[in-house]
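Structure first, then comments.
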Amino acid sequence: LNEGAGGVFISTNGAINAGGDGIHGEITDVNNTKDVVLSSNNNITAGDDGIEGKTAGLGGVKIDYATNVTVDTKLVAGDIGLFANITNSGNTKDAVVKVGETGGQKVEIDATTVGVKAATLGSGDAIITIADNVTIDPDDIGLDASSALGEATVLTGANDTLIIDDNEVAGSDDIDLVLLDDGANLTRHDRVHHLGEHLAVELIVLGRRLDR
């Protein structure tokens with residue numbers, strides 16, 4: 001937690017077992033222009049979020065998980081797996097999450113609610129990049145990208161799987177699963193497993209949910 005003018009940088013290659021967030025980095029000063037940058041290349045078990053990066057300031061938030069590993073890696077979270085969150089409406093920077101690497105080892109994210117979430121209330125972009133051989137297995141929403149005034153982008157690689165279980169998020173059961181294709185078109189995705197009426201990928205731009 002940073003209440004001053006500096007940035008937050010946390011990088012770990014050791015396994016984590018925590019009752020709360022596995023890794024938490026946060027800036028609370030609304031005038032702080034520095035970034036929150038968090039990364040892990042090992043297994044995480046967390047009672048709350050696996051990795052959460054948050055700023056109330058003017059900098060960006062970036063989370064990398066398992067982007068440089070030599071063995072299969074797994075994250076288990078009691079709430080959200082990975083969460084990059086910008087809460088300042090005057091912020092122009094991006095909320096970015098990246099998982100896995102091209103041609104890399106198997107990576108699994110098992111979360112109770114949302115697998116991966118990138119959100120900003122500002123005019124920057126919310127970007128989720130899932131590389132190769134990644135499985136996202138939450139109960140309710142697979143990939144959730146939301147920008148109030150910018151763009152929301154979800155990119156996936158080869159051999160990725162999204163598995164949405166049958167627990168209920170209020171209001172979600174009338175939403176179709178969608179994926180951003182080439183930065184423009186929303187399409188159904190043949191590697192998404194959709195069980196019940198829950199959302200695999202959610203994109204929100206300018207406050208409007210895109211579901212087709």
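The values are calculated or read from the model by the stated rules, or taken from the named source; none is laboratory data. These figures come from a predicted structure and were not determined experimentally. Using ideal geometry, Cβ is built from the backbone for each residue, glycine included, and neighbour counts are taken over all protein chains shown. All accessible areas refer to the heavy atoms of the entire protein, side chains included, with ligands and DNA or RNA removed. Shrake-Rupley method; radii C 1.70, N 1.55, O 1.52, S 1.80 Å.
May I ask you to say which residue of K93, K98, K106, K117 is farther than 21 Å from G142 by Cβ and either among the basic types (K, R) or in contact with an Asp or Glu (Cβ under 7 Å, 6 or more places away or on another chain) (or both)? Reasoning before the result, please.
Details: K98 fails: farther than 21 Å from G142 by Cβ; K106 fails: farther than 21 Å from G142 by Cβ; K117 fails: farther than 21 Å from G142 by Cβ.
Within the list K93, K98, K106, K117, the selection yields K93.
Every residue in the range 81-91 that is open to solvent by less than 10 Å² (accessible area, probe 1.4 Å) and assigned to a loop (DSSP other than H, G, I, E, B), please.
The one that is open to solvent by less than 10 Å² (accessible area, probe 1.4 Å) and assigned to a loop (DSSP other than H, G, I, E, B): N91.
Give the residue, chosen from A126, A119, that is among the small types (G, A, S) and crowded, with 23+ Cβ neighbours inside 10 Å. Give the derivation first.
Values: A119 fails: crowded, with 23+ Cβ neighbours inside 10 Å.
Just one listed residue meets the conditions, A126.
State yes or no: is A95 modelled with pLDDT of 90 or more and farther than 20 Å from I164 by Cα?
Details: modelled with pLDDT of 90 or more: yes; farther than 20 Å from I164 by Cα: yes.
Yes: the conditions hold for A95.
Looking only at the range 13-22, decide whether some residue is closer than 23 Å to T70 by Cβ, under 18 Å from the mean Cα position of the chain (by Cα), touching a residue at least 24 places away in the same chain (Cβ under 8 Å) and open to solvent by 30 Å² or more (accessible area, probe 1.4 Å).
So in the range 13-22, the residues closer than 23 Å to T70 by Cβ come out as 13-17, 22.
Now drop any that are not under 18 Å from the mean Cα position of the chain (by Cα), which leaves 22.
Okay, now just the ones that are also touching a residue at least 24 places away in the same chain (Cβ under 8 Å), so 22.
Then keep just the ones that are open to solvent by 30 Å² or more (accessible area, probe 1.4 Å); that gives none.
No, there is no match, as no residue in the range 13-22 is closer than 23 Å to T70 by Cβ, under 18 Å from the mean Cα position of the chain (by Cα), touching a residue at least 24 places away in the same chain (Cβ under 8 Å) and open to solvent by 30 Å² or more (accessible area, probe 1.4 Å).
Within the range 35-72, can you find the residues that are open to solvent by less than 10 Å² (accessible area, probe 1.4 Å), in a strand (DSSP E or B) and closer than 21 Å to G104 by Cα?
Answer for the range 35-72, where residues must be open to solvent by less than 10 Å² (accessible area, probe 1.4 Å), in a strand (DSSP E or B) and closer than 21 Å to G104 by Cα: L38, S40, I44, I51, I63, Y65.
Among the residues of the range 1-34, how many are of a type in the set (F, W, Y) and either part of a loop (DSSP other than H, G, I, E, B) or more than 29 Å from D72 (Cβ to Cβ) (or both)? Before you say what the answer is, go through the steps one by one.
So in the range 1-34, the residues of a type in the set (F, W, Y) come out as 9.
Next, from what is left, pick out any that are either part of a loop (DSSP other than H, G, I, E, B) or more than 29 Å from D72 (Cβ to Cβ) (or both): none.
Of the residues in that region, 0 qualify.
I'm trying to understand the selection: among the residues of the range 47-73, which are polar (S, T, N, Q) and within 24 Å of A5 (Cβ to Cβ)? Give the derivation first.
Step one: filter the range 47-73 for residues polar (S, T, N, Q), giving 55, 67-68, 70, 73.
If the condition is that a residue be polar (S, T, N, Q) and within 24 Å of A5 (Cβ to Cβ), then T55 is the only one that fits.
May I ask you to list pairs of residues, at least six apart or on different chains, whose Cβ atoms are under 6 Å apart, with the first in the range 45-63 being modelled with pLDDT under 95 and among the aliphatic types (A, V, I, L, M) and the second being crowded, with 24+ Cβ neighbours inside 10 Å and not in a loop (DSSP other than H, G, I, E, B)?
From residues that are modelled with pLDDT under 95 and among the aliphatic types (A, V, I, L, M), there are no pairs.
So which of D29, D94 is among the acidic types (D, E) and open to solvent by less than 50 Å² (accessible area, probe 1.4 Å)? Full working, then the answer.
Details: D94 fails: open to solvent by less than 50 Å² (accessible area, probe 1.4 Å).
Result: D29 is the single residue among D29, D94 that is among the acidic types (D, E) and open to solvent by less than 50 Å² (accessible area, probe 1.4 Å).
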